[in-house]
Amino acid sequence: MEPLLRMMSIRKRFPGVQALDDAGLEVLPGEIHALLGENGAGKSTLIKILAGAQQPDSGTIEFAGQNVVMLSPHDAQRRGIATIYQEFTLAPNMTIAENVFIGREPGTGFFVDWGKMAAETKAITQRLGLQMQPMAAVRNLSVAEQQMVEIARALSMKSRLIVMDEPTSALSLSEVDKLFRIARELKAQGLSIIFVTHRLEEVMEICDRYTVLRDGRLMGSGSISEITIDGIIRLMVGRQVKALFAHRDREIAGDVVLKVEGLNRRGNTQDQNATVLADVGFEVRAGEILGVAGLVGAGRTEMARALFGADAFDSGRIIIDGQEVHIRSPKDAIGHGIGLVPEDRKQQALFLALAVRVNLSMASHKRILRWGVFIDETAERTMVEEYRKKLNIRMASQDQLIANLSGGNQQKVTLARWLALRPKVLIVDEPTRGIDIVAKVEVHNLLFEMAQSGIAVVAISSELPEVLAISDRIITMREGRVTGQIKREDATEEILMSMMTLSVKPT
Ligand SMILES: Nc1ncnc2c1ncn2[C@@H]1O[C@H](COP(=O)(O)OP(=O)(O)OP(=O)(O)O)[C@@H](O)[C@H]1O
Ligand SMILES: [Mg+2]
């Protein structure tokens, strides 16, 4: 079969990095193709070149049997290539319909035909099996819903190839199922999909063929049915790596460091009466890793944000080392020794216009101050270098703008920021989202190390194998409540699943 897309000998250099060096990609009509590689391997760069968002230094692109040059995103869209980026590009203050038709609003002259736009949006979303109000603002949608809007936009452009850069990393399990159902349907309709992900089980489940990049080079491609996960990892990293997360059983003898009692919060941006947190209580000991499992929307992130002072709560007690503390801001929380690695690192955590070094060290100034006043730049650079090595962060230099790092490497920098702070209580929200499989194991090891040094760790994760690997004890949440607690050795994915979906009667 003639490929729909053939990219050959693509090269692209950025200051200090050869992002792509003889990269290639072939996609057949009507297939789901996995584009794989470690953080910084060049996946997003290759996709941006395909989408016309960046120009290659050299190389050729053939699409639908023609040699093409994608001079602009518009160019690529016109040819039938739609790209859903790692960072969403929707306009939050516009409606769903406006976002679907952005730049191509139907109507004559200055007049937008709202009725037509709404009706077509409705039709497309229904084709995707979605219930959506075309006139609702995108701002109020969940990440999963925003992604569906991006897919709707791709369909409305009559695309032949849809590129999704890490579409599932922010989705819940049921949302992933829904996305896969849609992907299969699009495939059945003859569309091709390029799928970038770090979750290799997903690749085995949904993809037909794969391409692996390493350091910007094409390392191999072929049929999914003819390769194993271990085989893919070997192509990705060039050596044998055990993909399995190993658990270590440990005796937790430390004192209770954090105790939370009766945490309540009502009301979110959409509904003043919504139960966000209801009587949440738990404790964590020094040296312990408490896993928090739950579906997206279960209140895990809200709980973390409340403890960190990022959101207010209505009632409840937070007790650190036996003393009740009052936390009204992240500054209070940090003062009491609580650190949070937030879930949405891009929005909440990175200062995109600043250097990697500053982003990494900003929470740990105590560690690198000279005479308590000046930042000791040598100490700072040493610390940044230590974490660059530990987490294998790929950057041209410490002074590089963080905006120019690959998505996964940006994640590692924020993670390192809080790891370097060495707080009493460290809350990590989806610590390995968007991080490649090798670095995941490194992050797990770092969390173990931190726990071992006496820190109480609260680890929120939607990936059950991860929860089972890193936790000593696990609590599950649903609809703002804690629905159960279990020791790691008694838990399995099935048990956690049923605990997560269990309703508890309000008491
Ligand atoms: N605008 C830019 N300026 C400088 N360097 C860049 C820029 N964009 C990407 N890079 C560098 O190019 C390399 C490849 O990055 P890319 O984003 O393509 O990786 P990726 O495979 O998508 O990784 P991830 O899995 O982390 O998303 C990285 O070293 C990155 O730092
Ligand atoms: Mg990327």
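The values are calculated or read from the model by the stated rules, or taken from the named source; none is laboratory data. A quick note: this is a predicted structure, and the numbers were derived from the prediction, not measured. All Cβ positions, even for glycine, are placed from backbone atoms using ideal geometry, and neighbour counts span all protein chains on display.
Scanning segment 124-134 for residues that are touching a Ser or Thr at 6+ places or on another chain (Cβ under 9 Å) and part of a helix (DSSP H, G or I) yields a single hit, 124. In segment 165-186, the condition of being assigned to a loop (DSSP other than H, G, I, E, B) and among the charged types (D, E, K, R) is met by at least one residue. Mind listing just one residue for me: the one in segment 151-192 that is at pLDDT 85 or above and β-branched (Val, Ile, Thr) and, of those, farthest from ligand 2 (Cβ to nearest atom)? Selected residue: 182. The residue that is surrounded by the fewest Cβ atoms within 10 Å (Cβ to Cβ), among those in segment 37-62 that are touching a helix residue (DSSP H, G or I) at 6+ places or on another chain (Cβ under 8 Å) and in contact (Cβ under 8 Å) with a residue 60 or more places away in the chain, is 51. Among 388, 417, 394, 381, which is the only one that is within 16 Å of ligand 1 (Cβ to nearest atom), basic (Lys, Arg) and in a helix (DSSP H, G or I)? From the options 388, 417, 394, 381, the qualifying one is 388. When residue 132 is tested against the conditions (1) modelled with pLDDT under 80; (2) under 26 Å from residue 5 (Cβ atoms); (3) more than 16 Å from ligand 1 (Cβ to nearest atom); (4) surrounded by 16 or more Cβ atoms within 10 Å (Cβ to Cβ), the lone failure is (2). Part of a strand (DSSP E or B), in the same structural domain as residue 24 (by TED's automatic domain parsing) and modelled with pLDDT of 90 or more - does that describe any residue in segment 231-254? Among the residues of segment 231-254, not one is part of a strand (DSSP E or B), in the same structural domain as residue 24 (by TED's automatic domain parsing) and modelled with pLDDT of 90 or more, which makes the answer no.
Each residue in segment 288-316 was checked for being out of contact with any helix residue (DSSP H, G or I) (no Cβ under 6 Å at 6 or more places or on another chain), part of a strand (DSSP E or B) and in contact (Cβ under 8 Å) with a residue 60 or more places away in the chain, and 1 of them qualify.
In the set 144, 154, only one residue is within 23 Å of residue 408 (Cα to Cα), more than 16 Å from ligand 1 (Cβ to nearest atom) and either in a helix (DSSP H, G or I) or among the acidic types (Asp, Glu) (or both); that residue is 144. Filtering 481, 417, 473 for residues that are outside the structural domain of residue 19 (by TED's automatic domain parsing), away from ligand 2 (no atom under 16 Å from the Cβ), in contact (Cβ under 8 Å) with a residue 40 or more places away in the chain and within 19 Å of the chain's Cα centre (by Cα) leaves a single hit, 417.
Could you please find all residues in segment 306-328 being among the small types (Gly, Ala, Ser) and either modelled with pLDDT of 90 or more or under 16 Å from residue 418 (Cα atoms) (or both)?
So the first thing to find is which residues in segment 306-328 are among the small types (Gly, Ala, Ser), and the list is 306, 309-310, 312, 315-316, 322.
Within segment 306-328, 306, 309, 310, 315, 316, 322 meet the criteria.
Is it the case that residue 427 is modelled with pLDDT of 80 or more and within 22 Å of residue 458 (Cβ to Cβ)? Here the answer is yes, as residue 427 does meet what is asked. Taken over segment 196-230, the criterion of being buried (at least 21 other Cβ atoms within 10 Å of the Cβ), polar (S, T, N, Q) and part of a strand (DSSP E or B) is satisfied by 211 alone.
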